[in-house]
Structure formats: structure tokens, C-alpha cells
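No value in this document is a laboratory result; all are computed from the given coordinates. Since the model is a prediction, treat every value here as computed from it, not as a measurement. Here Cβ is always computed from backbone atoms with ideal geometry, including for glycine, and neighbour counts include all displayed protein chains.
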Amino acid sequence: MAKKMTPGDATREKGVAATDLKRVVKEINRHKEQASENAGLAGQTTKNAIEQYGLDRKALGVVVGLSKKEPAQQQATLRGIVDYADKLGMFDSVDMFDDLIPALERIVARAKDGEGKKSKADPAMAGLLDGAATAH
């Protein structure tokens, strides 16, 4: 049923009042300026870290993005990266003197040490690690 109009309704502004709109626009612009400033600071921090530590920009961006995710999402993405890179032959050029091998061995050893810890165990990751261990 339609609402009956009262005499005061015709003179009242439709939608948002001008004072409220001005306040909202000012607040949005303030937040956007802060976001822009923070994005600039994040970019400078990234640049400094890359220069200081010799980090790979793309890899740093991936792990920064993953750090915001839940552990299950982190594991799924990392598992996918390792699996896909292996299937595409991206590990084929790793030789026995490559510094990646000790890092991978540390990761596998830590994962195997945690085999009894069912609370953090991921069956798919365990299968991937078992396959890596038997591939040697």
C-alpha cells in the first residue's frame, strides 16, 4: 500500500541532505588520500627491501599476498606453485650445487618431523612431500 503524502513531504529534500552528502564525500576523499599515501609507503618499503636484501620482486609480492590468507589457502597456493612448476620442467635446470636444494631439503625435513601432528597435517601436501622424497 502506498504511503500517503503529508503537506510537509513536498518541501522535504529527496535522498540525502546536502550537508550529509558533503560530509560523506569529504570522508571518502580523506580515506582515499590516506590509501594513496599508504600505497606509496608500501611501494617504497618493497623497493627498499628488494634493494637491501636482493629479493625477487614477484616472489615477494606473492608471499606478501599469501601472508594475508588463511593457512589452508596458503598451503593450497604453495602446493600448486611447486606442483605446476615441476610439471612444467622449471626445476629441471637445478643442479646439485644450487642453493634451492638445501632449502627444499629443510622444508621436506620439517614437514616429515611434523608427520605426527595431525592438527596441521594436510593430506595433499603430505602426498606431495612423499613423492618428493621417493623421487631421489
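If you take the residues in segment 80-102 that are of a type in the set (Phe, Trp, Tyr) and closer than 25 Å to LEU66 by Cα, which one is surrounded by the fewest Cβ atoms within 10 Å (Cβ to Cβ)?
The residue in question is TYR84.
Exactly one of these conditions fails for ALA103: (1) free of Cβ contacts under 8 Å to residues at least 40 places away in the same chain; (2) touching a helix residue (DSSP H, G or I) at 6+ places or on another chain (Cβ under 9 Å). Give me its number.
(2)
Taking segment 18-51, which residues are closer than 27 Å to VAL82 by Cα and either of a type in the set (A, V, I, L, M, F, W, C) or exposed (fewer than 10 other Cβ atoms within 10 Å of the Cβ) (or both)?
If the condition is that a residue be closer than 27 Å to VAL82 by Cα and either of a type in the set (A, V, I, L, M, F, W, C) or exposed (fewer than 10 other Cβ atoms within 10 Å of the Cβ) (or both), then ALA49, ILE50, GLU51 are the ones that fit.
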